[in-house]
Structure formats: structure tokens, C-alpha cells
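The values are calculated or read from the model by the stated rules, or taken from the named source; none is laboratory data. Because the structure is a prediction, the values reported are computed rather than measured. Glycine also receives a Cβ, built like all others from the backbone with ideal geometry; neighbour counts cover every protein chain displayed.
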Amino acid sequence: MIPKSASKIELRRLWWVGPLTILASILGVLIVRVIAVAILRPDPTPMSLGWVMPVIFTFVLVTGAVLVFALVSRFAAKPIRTYQIIAFVFLLISFLPDIGFARSPMPGANWPNAIALMIMHIVAWGICVSMLSKLSLESI
């Protein structure tokens, strides 16, 4: 929901909101990773619950999300709502590899590990959508 004091999206703000969103998302994902590894004690073979892969995937995908936000902000009539819908659809799509992972014969592949990965996706999505939607608005 757009605050009443906001008039429009100021794309210049993405020069600092974008990197901040990326860093906050990486931090959020790593916090979930630490908690998940402490609770689940996963097999160290799959790199999905390691340190490097979550950082790389979060960096690349959230950077993409920032670019999509910039495009949507530039061309959509209702940019915040449009972006929220796009982001939610991509969140759901991002669960498909995790579901495939849980059902695969790979070492360490199981539902608890897949759910931990899904929680990482939800955290990155929530941080990304909320920060971009709120911090990029121009105040009256």
C-alpha cells in the first residue's frame, strides 16, 4: 500500500535503495541459513545450504528484481501494485526448483532442507518488495 504522503516513485533513489535492498536480502537469507543449518544439520554435500550459493543466487536474483522494479516503475500505470504481483508470481515460481530438490535422489535432498530454501526465498522476497516499494517513493 502506498502511503498518503507519497506522490510517485523517484527512480534516482534506486541508486542507493537498490544496493541497500540487495545487501539486506543477502543478510536476511544468511540469517535464515544459519538458523536452518543449526536446526537441520544438513548433509554438507549440497551447496544450496552452504555460504556461497545463497549469497550468489540472492545477489543475482535480487539485482534482477531491482531492475524489474525500475522497468515497472517507468512503464506501469500502477507500478507498486504491478511490481508486487510480478514479485509474488516469481516467488511462487522460485519454489519449483526447491520442490524438485526435495524429491530428487541427490545427497541431502529432503523436505526440511527444501523448506529452509523456500523460507530463504520468502525472506528475500519480503525484504525486496517492502524496501523497493517504500524507500523509492518521493514524498510530497
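Quick look at the values:
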read-out: Unmet criterion (only one of (1) touching a helix residue (DSSP H, G or I) at 6+ places or on another chain (Cβ under 6 Å); (2) free of Cβ contacts under 8 Å to residues at least 60 places away in the same chain; (3) over 18 Å from Ala36 (Cα atoms); (4) aliphatic (A, V, I, L, M)) for Ala114; value: (3)
read-out: Matching residues, the range 96-110, being surrounded by 13 or more Cβ atoms within 10 Å (Cβ to Cβ) and either part of a loop (DSSP other than H, G, I, E, B) or of a type in the set (Phe, Trp, Tyr) (or both); value: Phe101, Ser104, Met106, Gly108, Ala109, Asn110
read-out: Inter-residue pairs, beta-carbon under 6 Å, first touching a residue at least 12 places away in the same chain (Cβ under 8 Å) and within 10 Å of Asp43 (Cα to Cα) and in the range 94-111, second among the charged types (D, E, K, R) and outside any helix (DSSP H, G or I), 6+ apart; value: Pro107/Asp43; Gly108/Asp43
read-out: Selection status of Arg74, exposed (fewer than 15 other Cβ atoms within 10 Å of the Cβ), modelled with pLDDT of 90 or more and charged (D, E, K, R); value: yes
read-out: Of residues in the range 77-92 being in contact with a helix residue (DSSP H, G or I) (Cβ under 6 Å, 6 or more places away or on another chain) and within 14 Å of Ala124 (Cβ to Cβ), the one surrounded by the fewest Cβ atoms within 10 Å (Cβ to Cβ); value: Leu91
read-out: Top-ranked residue of the range 22-54 - restricted to ones that are under 14 Å from Asn110 (Cβ atoms) and of a type in the set (Gly, Ala, Ser), ranked as surrounded by the most Cβ atoms within 10 Å (Cβ to Cβ); value: Ser48
